[in-house]
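The structure appears right after this line, and notes come after that.
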Amino acid sequence: MSTTSEPNLSAPGLLLVLVEPGPAIPEAEFNDWADNEHVPLRMAIPTFLSCTRWVAADDRKPTQLALYNVSALSALYEPPYTTLGQTRSEREKALAPRIALFDRRIYEQLGVPLQSTEKRQGRFVRAVAMDVPPEHQEEVNKWYEEEHAPMLAKVPSWVRSTHYVLREGGVSGTDESLKPARATPKYLAVHEYMDAGAVGTEEYRAAVSTPWTKRVAGYAEAFDGRSFELLRRWERE
């Protein structure tokens, strides 16, 4: 698995957006804009394969998460995606400056997702971001592929696990207190489940308590895990 500084533009990509609308934007207004304008404009681009919108299942902010899967990382660096900002509607021009936090990240997918043989979609997602020193990155990727993801796959409600490396990110918004205190961790794992109780199962506890997991945790220079529940899903037909 390559984790070099040079992106593989032909690899699948992920656009991850964490948002805290804030008190200046009513929830109904934000959801109407997101569901009926923002997401549809992106899903109209053939390289955008899916979008899922999620709401926090923990007590942390930001409370909104959007995940856009694209067929190739290059789609996020070229038109028509890169020109969407030039043609934004008057509504979006008025809404965007009021957003409390907008945390946008572009990831390159590493390897092939591990997924259930059953045809089902996740209702809950666990997004885990981590930084490790360069000298341990190869071992951490090996741990993820050979032990961690396969053990998580034994959780009864597990759907899929996908591994990513950060390629670009940026944060904006009106609320300085919500902005991260440090740079975004380099690696991201996205785990989808059918059941909110997945992280409380015996199988999940076993996956996060092995000797190898504890060794990898000791390497971590930054770690952040968030849980979200599905709001809405868009899939390309």
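Quick look at the values:
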quantity: Yes/no for Gln86 being of a type in the set (S, T, N, Q) and touching a residue at least 12 places away in the same chain (Cβ under 8 Å); calculated: no
quantity: Filtered residues of the stretch 100-122 (kept if modelled with pLDDT of 95 or more and more than 21 Å from Gly13 (Cα to Cα)); calculated: Ala100, Leu101
quantity: Entirely in the stretch 93-208, the helices (runs of 4 or more DSSP H) that have 1 or more residues that are closer than 25 Å to Arg233 by Cα and of a type in the set (Gly, Ala, Ser); calculated: 149-152
quantity: Output for the stretch 144-161, where each listed residue is under 20 Å from the mean Cα position of the chain (by Cα) and in contact (Cβ under 8 Å) with a residue 60 or more places away in the chain; calculated: Glu145, His148
quantity: Test: residue in the stretch 73-90 that is within 24 Å of Val216 (Cβ to Cβ) and at pLDDT below 95; calculated: no
quantity: Qualifying residue in the stretch 64-77 (condition: without any contact (Cβ under 8 Å) to a residue 40 or more places away in the chain and under 29 Å from Val112 (Cβ atoms)); calculated: no
quantity: Residue in the stretch 90-99 that is touching a strand residue (DSSP E or B) at 6+ places or on another chain (Cβ under 7 Å) and surrounded by 16 or more Cβ atoms within 10 Å (Cβ to Cβ) present; calculated: yes
quantity: Criterion: surrounded by 13 or more Cβ atoms within 10 Å (Cβ to Cβ), among the aliphatic types (A, V, I, L, M) and closer than 29 Å to Ala94 by Cα - qualifying residue of Leu188, Leu230, Leu166; calculated: Leu230
quantity: Complete set of residues in the stretch 119-149 that are among the polar types (S, T, N, Q) and buried (at least 17 other Cβ atoms within 10 Å of the Cβ); calculated: Gln137, Asn141
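Yes/no matrix, rows are residues, columns are (1) surrounded by 18 or more Cβ atoms within 10 Å (Cβ to Cβ); (2) modelled with pLDDT of 95 or more; (3) of a type outside the set (A, V, I, L, M, F, W, C); (4) closer than 18 Å to Phe228 by Cβ:
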{"position": "Thr3", "(1), (2), (3), (4)": "no, no, yes, no"}
{"position": "Leu9", "(1), (2), (3), (4)": "no, yes, no, no"}
{"position": "Leu14", "(1), (2), (3), (4)": "yes, yes, no, yes"}
{"position": "Pro21", "(1), (2), (3), (4)": "yes, yes, yes, yes"}
{"position": "Trp33", "(1), (2), (3), (4)": "yes, yes, no, no"}
{"position": "Asn36", "(1), (2), (3), (4)": "no, yes, yes, no"}
{"position": "Arg42", "(1), (2), (3), (4)": "yes, yes, yes, no"}
{"position": "Pro46", "(1), (2), (3), (4)": "no, yes, yes, no"}
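This table checks each residue for (1) modelled with pLDDT under 95; (2) in contact with a strand residue (DSSP E or B) (Cβ under 9 Å, 6 or more places away or on another chain).
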{"position": "Glu176", "(1), (2)": "no, no"}
{"position": "Ala181", "(1), (2)": "yes, no"}
{"position": "Glu192", "(1), (2)": "no, yes"}
{"position": "Glu202", "(1), (2)": "no, no"}
{"position": "Ala207", "(1), (2)": "no, no"}
{"position": "Thr210", "(1), (2)": "no, no"}
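The values are calculated or read from the model by the stated rules, or taken from the named source; none is laboratory data. Being a predicted model, the structure only gives us computed values, none of them experimental. Cβ coordinates were reconstructed from backbone atoms using ideal geometry, including for glycine residues, and neighbour counts include every protein chain displayed.
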